[in-house]
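Below is one structure; the comments refer to it alone.
The values are calculated or read from the model by the stated rules, or taken from the named source; none is laboratory data. Given the structure is predicted, the values throughout are model-derived calculations rather than measurements. Here Cβ is always computed from backbone atoms with ideal geometry, including for glycine, and neighbour counts include all displayed protein chains. Ligands, DNA and RNA are excluded from the accessible area calculation, which covers all protein heavy atoms including side chains. Shrake-Rupley method; radii C 1.70, N 1.55, O 1.52, S 1.80 Å.
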Amino acid sequence: DRAMDVGALQGGAAFAPQFIENRLKFSPYIREAVAFGHQRPFVAALIAVDPSTVGSWAEGRGVAYTSYTDLSQRPQVRNLICDEVRRCNAGLPDGVRVRRFVMLAKELEADDAEMTRTRKIRRQHVSEKYAAAIEAVYSGEKEAELAATVTYEDGRQATVHWRVAVVDVESAAAAQAPAHV
């Protein structure tokens, strides 16, 4: 990772956000991921799904949706992405595993200054723009309200508001586990 991006959790464990992000993006269902955790108790992530792959997955399972926002916030898609985060976590040391995440209701875009034209995350801008989601993750909230200015192809801008779920990876795993009789 870039030296300026390497951080340390509150417990002192060093973590490289870009390494975790790249591991998450090995999943065909995750287009972008932004990991956080510097001076925090655990690693968290903002995740943007791949609309093509997740859209095909949803259609194959009869999950109806109308837009990227609708698709990304479906409970079935959250479960799918939670499974992918658990797969990623299996290859990481316990101290730097992603504990909670938020599925973004829009793709990260260069036009919105969230990434460069070469698709590198602008970490500082993303952390400021999605500060409410990051704070919700670390304060134990179950939802976050986001507002973002989006730029349309014709150059117009608008502010859009969403309520998004904050997913606790371990709680979601326990909820999906079959009951033992």
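Before moving on, here are some points about what is shown:
- Qualifying residue in the stretch 48-71 (condition: within 22 Å of G140 (Cβ to Cβ), touching a residue at least 40 places away in the same chain (Cβ under 8 Å) and crowded, with 23+ Cβ neighbours inside 10 Å): no
- Taken as a whole, the condition of being aliphatic (A, V, I, L, M) and in contact with a strand residue (DSSP E or B) (Cβ under 6 Å, 6 or more places away or on another chain) applies to A35.
- Candidates E109, E114, filtered to the one that is under 20 Å from L24 (Cβ atoms), modelled with pLDDT under 90 and touching a helix residue (DSSP H, G or I) at 6+ places or on another chain (Cβ under 8 Å): E114
- Any hit, the stretch 35-45, residues being in contact (Cβ under 8 Å) with a residue 12 or more places away in the chain, within 14 Å of the chain's Cα centre (by Cα), at positive phi and open to solvent by less than 20 Å² (accessible area, probe 1.4 Å): yes
- Top-ranked residue in the stretch 155-165 [being free of Cβ contacts under 8 Å to residues at least 12 places away in the same chain and either open to solvent by 80 Å² or more (accessible area, probe 1.4 Å) or touching an Asp or Glu at 6+ places or on another chain (Cβ under 7 Å) (or both); ranked as farthest from F101 (Cα to Cα)]: R156
- Taking the stretch 17-101 and the helices (runs of 4 or more DSSP H) fully enclosed by it, the elements with 1 or more residues that are in contact with a Leu (Cβ under 8 Å, 6 or more places away or on another chain) and over 16 Å from V164 (Cβ atoms) are at 17-24, 51-60, 75-90.
- Residue that is least open to solvent (accessible area, probe 1.4 Å), among those in the stretch 126-154 that are modelled with pLDDT under 85 and part of a loop (DSSP other than H, G, I, E, B): Y152
- Residue satisfying all of: in the stretch 94-125; crowded, with 18+ Cβ neighbours inside 10 Å and among the basic types (K, R); farthest from V77 (Cα to Cα) among these: R123
- On the stretch given as the stretch 81-93, residues that are open to solvent by 20 Å² or more (accessible area, probe 1.4 Å) and closer than 15 Å to Y29 by Cα total 4.
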